[in-house]
Amino acid sequence: MKKTPLNERHLALKARMVDYAGWDMPVQYEGIAEEVKAVREKVAMFDVSHMGEVLVSGEGSGEFLNWLLSRDVTGKQKDQITYAILCYEDGGTVDDLLVYEMDDGTYMLVVNAANKDKDVLHINDSIETYRKKFPDRKDEIKVVDDSAHYGQIAVQGPESLQVMLDLAEKLGLNAEQKEQLQGLKRYRQIQVDKEGFERKMIISRTGYTGENGYEIYLPAELTVEVWDLLYDYGVPASGLGARDSLRLEAGLPLYGHEMAEDITPLEGDMGFFVDFSRDFQGGEAMKTRSTRKRIALVSEGRAIPRDGYPVFLDDEEVGVISSGSFSPTLGKGIAFALVGKDFPEDATEVEVKVRKKFENFKVIDTPFVKK
């Protein structure tokens, strides 16, 4: 299994380690409920160094990405981060990702760990498709998997800004950079040159928890030092189990569950991040292929829904649970389900077959945990 730069730190903290997409990753430390509570009430940090960083560069690379992704990446302020979806020509989902424009004009795509190799292959294949579609464009587009050179730490929770300002002081950020950090808006970034390191440190106001938070992209060799600074400040570590609970409570989708090769972004209720006013790969096919939609459910009893459990309305099977878990914050089972497009908009209750018993669930709006 592959290991992040922080593997020894996880073992020292006696984390329970699991194989996640071929990575030896911490699923929990003190316990998922405690780790969720820390993020909701104060602050915690996550090792997300398993995520992939793919660089797309060359003249015309921005226009290529505009065609490749569900949203434009050009025509924005340089510090703005774009959340977008990478699609197959048939409208299915390759991956969801973040796009950072670097100071030199290179675009950094932050992709899911399990999808990285597939993404790189798809992007390279799509360059040929793009050239055939637009033969007059002679762009030289280069794709590089730079993941091995980066570590990534997410600092999440209501107290995250206070933590980040302390970290900025210890890392020697200048007055202008500290001021930028203090006023950083959501989906914005700061790039910092670190003496002795080829790659920049990037601080972005992003996250996957529903709380205020920041993600720090680091030269791999600097990752342990930054983790130790955060830990010495008193920031507790949190694992993948809490991260998944937090994202579900926040109403956020997960690739392989609400998005997949056979699940279009529209079926996964990701239409907000799809701009049909312009031509992009898979756009037209997506419209005709989408036959399902995502709904949110909360248990009326003690039942815990799991992926794959069938969903019933008026004794008829109408869908399947795509993500389901116990919510530590609500103390109830919560879930996403994929149902047919004709599922009634005014439906307020369904049944989920949990093992061999039918359990009642309310249909609600997300997020599950309101801020």
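Rule-based calculations on the coordinates, nothing more; no lab input. Treat the numbers as computed from the prediction; the structure is a model and nothing was measured. Heads up, the Cβs are rebuilt from the backbone with ideal geometry, glycines too, and the neighbour counts pull from every protein chain shown.
Some points to look at:
- Amide H contacts for Val94 (H built 1.01 Å from N in the peptide plane; partners 5 or more residues away or on another chain; cut-off under 5 Å): Leu86, Cys87, Tyr88.
- Ordering of 167-180, 217-230, 87-100 by packing is 87-100, 217-230, 167-180, highest average first (other Cβ atoms within 10 Å, averaged per residue).
- Segment Leu330-Lys371, extension gain: residue separation times 0.36 nm, minus the distance between their alpha carbons: 13.5 nm
- Among the listed pairs Lys341/Lys370; Lys37/Lys194; Lys142/Lys341; Lys37/Lys185; Lys76/Lys200, a Cα-Cα separation exceeding 30 Å is found for Lys37/Lys194; Lys142/Lys341.
- Modelled spin-label separation between Phe358 and Lys133, with each label point placed 7 Å from Cα along the Cα-to-Cβ direction: 4.7 nm.
- Panel values: the chain, Kirkwood radius from alpha carbon pairs, Stokes-Einstein at 37 °C and 0.692 mPa s, translational diffusion coefficient 152 µm²/s.
- Taking Cβ atoms as reference points and 13 Å as the exclusive limit, the residues near Tyr150 contribute a net charge of -3, counting Lys and Arg as +1 and Asp and Glu as -1.
- A protection proxy built from the mean count of other Cβ atoms within 10 Å ranks the segments 350-359, 64-73, most packed first, as 64-73, 350-359.
- FRET efficiency, 1/(1 + (r/R0)^6) with R0 51 Å, evaluated for Ala175 and Asp19 via beta carbons: 0.70
- Other residues within the sphere of radius under 10 Å centred on the Cβ of Gly210, judged by their own Cβ, net out at +2 (K and R +1, D and E -1).
- When shorter helices are ignored and each DSSP H run of at least 4 residues is given -39500 (n - 2.57), the per-residue value for the chain at 222 nm works out to -7000 deg cm²/dmol.
- Radius of gyration over Kirkwood radius for the range 1-146, both on Cα atoms: the Rg/Rh ratio is 1.06.
- The local environment of Arg137, defined by Cβ-Cβ distances under 12 Å, has a net charge of -1 under the rule Lys, Arg +1 and Asp, Glu -1.
- Per-residue 3J(HN,Hα) values for the range 107-121, derived from phi via the Karplus relation 6.51 cos²θ - 1.76 cosθ + 1.60 with θ = phi - 60°, read 9, 9, 9, 9, 10, 5, 4, 5, 9, 4, 4, 4, 4, 4, 4 Hz in sequence order (x marks Gly and Pro).
- FRET efficiency for Arg186 and Asp103, using Cβ-Cβ distance with R0 set to 30 Å, rounded to 0.05: 0.90
- The relative contact order of the chain, computed from alpha carbon pairs under 8 Å that lie at least 6 residues apart in sequence, is 18 percent.
- Taking the convex hull of the alpha carbon positions in the range 291-371 and averaging its projected area over all directions gives 5.1 nm².
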